[in-house]
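The values are calculated or read from the model by the stated rules, or taken from the named source; none is laboratory data. From a predicted model like this one, the values you see are computed outputs, not experimental measurements. Cβ placement follows ideal geometry from the backbone for every residue including glycine, while neighbour counts extend to all protein chains displayed. Accessible surface is based on the protein model in full, side chains and every heavy atom, while ligands, DNA and RNA are left aside. Shrake-Rupley method; radii C 1.70, N 1.55, O 1.52, S 1.80 Å.
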Amino acid sequence: MICPHCEKSLLRKERPGNVCGKCGRRYALDPKTNAMGLNDLRVRRIVLRLTQGGQVPCTSGQLWYALSRTSLRNTRVEMGCAVVLAIAGVVAGLVGLGQGSVAFGAVGGVALLAASGFVVAKVKGVGRGRPRLARDAFRTGPLEEWKKVYGTLPAGVVDDSRYPQPPAPADGVVLVCPDRSVAVFLDAVGLTARHGVTLTAVPAAPPGRGPVLVLHDADADGLLLPHRVRTALPGRRVVDIGLPLGAVHGRDRAVPVRGDRPGADVMKALESTGEFSGEQLTWLARGWGFPLVGVPPARLLAAVSRAVERAGTQAAPQRRRAAALGFMTWPEEGP
């Protein structure tokens, strides 16, 4: 690996205890000793990309997804084992044939069968979509090691260990966002203060009388959330602002995550909405989905800001009139 301080290439024996053997300085992450294969330079590079050079913040959850993206595409099947088993099977089989040994032949057959099992698992994508390290484990593991070495989180990364403190009840827009990491991001970037938005993780009894926007993951539970909010808040204006499944399902650039399979009641409710194709329902039933933290921070902020502005404009008569006039259009003076 490359030392993040002196930028010299280091062999494994030259970096005992995460200390560079050439400059003597300690670094946080060694790709050989953490589950995600991280190093300090890669973390800094990904943070720089997520924050667009420091223009917007990102949270540890958003960083977790960005660092997991490559491994989520890959299976967990190690083909090296298949190669070893195949070679062993061929050798044992040849020995068995040469010596007329049934035992060697049987061993060779078992080894070849095991090797074919690895190949089948690889083709079927066993382990694909499963993160090597869970989001909370990333926060308490690699990021804690980072703070021990550097004193703080990487520049631009915001701690998302707690949901933002909700403001006093108001009649403005309420944003239901169960994902704590995304809620922290929206609060840290100033959206809540700028638009007077009240953030809440649960739809039960949101404050005020303003419209309720629902922001969710594109998985089975997330896609059902707007329907549950409407049921819980009869008479209240509820708007689903995504993440829409159609924007990510089947897209090469959208790397999904696979979790636990949703319950039969969840799938039945999703099917009853009539919003999803049979292929999409099958995909969701297998536990697949796309998390909000996977949306690039700047793009997420732009989408949510537009939705909040639209909802606020529609909710306030004065804002509706201003929107109709336009930003650079002034009303003519009366007679």
| Residues that are in a helix (DSSP H, G or I) and touching a Gly at 6+ places or on another chain (Cβ under 9 Å), drawn from segment 245-261 | Leu245
| task | Please find, within segment 274-301, the residue that is nearest to Thr59 (Cα to Cα) out of those that are open to solvent by 40 Å² or more (accessible area, probe 1.4 Å) and assigned to a helix (DSSP H, G or I). | result | Arg299
| field | Looking only at segment 125-159, and only at residues there that are more than 12 Å from Leu29 (Cα to Cα) and basic (Lys, Arg), the one that is most open to solvent (accessible area, probe 1.4 Å) | value | Arg132
| Do we find a residue being under 24 Å from Val295 (Cα atoms) and touching a residue at least 60 places away in the same chain (Cβ under 8 Å) anywhere in segment 228-240? | yes
| note | Taking segment 8-64 and keeping residues open to solvent by 60 Å² or more (accessible area, probe 1.4 Å), polar (S, T, N, Q) and part of a loop (DSSP other than H, G, I, E, B) leaves Thr33, Gln52, Gln55
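Would it be correct to say that Ala307 is surrounded by 15 or more Cβ atoms within 10 Å (Cβ to Cβ), under 28 Å from Val189 (Cα atoms), touching a Gly at 6+ places or on another chain (Cβ under 7 Å) and modelled with pLDDT under 95?
Spelling it out, it is not the case that Ala307 is surrounded by 15 or more Cβ atoms within 10 Å (Cβ to Cβ), under 28 Å from Val189 (Cα atoms), touching a Gly at 6+ places or on another chain (Cβ under 7 Å) and modelled with pLDDT under 95.
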| task | Would you be able to say whether some residue in segment 47-63 is in contact with a Lys or Arg (Cβ under 8 Å, 6 or more places away or on another chain), of a type outside the set (Asp, Glu) and within 21 Å of Leu301 (Cα to Cα)? | result | yes
| Taking segment 256-266, which residues are open to solvent by less than 30 Å² (accessible area, probe 1.4 Å) and either farther than 21 Å from Asp179 by Cβ or free of Cβ contacts under 8 Å to residues at least 12 places away in the same chain (or both)? | none
| said: Can you confirm whether Ala183 is open to solvent by less than 30 Å² (accessible area, probe 1.4 Å), under 17 Å from the mean Cα position of the chain (by Cα) and on the phi < 0 side of the Ramachandran plot? | reply: yes
| remark: With the first residue restricted to segment 277-300 and required to be under 20 Å from Arg135 (Cβ atoms) and touching a residue at least 40 places away in the same chain (Cβ under 8 Å), and the second required to be of a type in the set (Ser, Thr, Tyr) and part of a helix (DSSP H, G or I), Cβ contacts under 7 Å at 6 or more apart or on different chains are Pro291/Tyr65; Val293/Tyr65; Val293/Ser181; Gly294/Tyr65
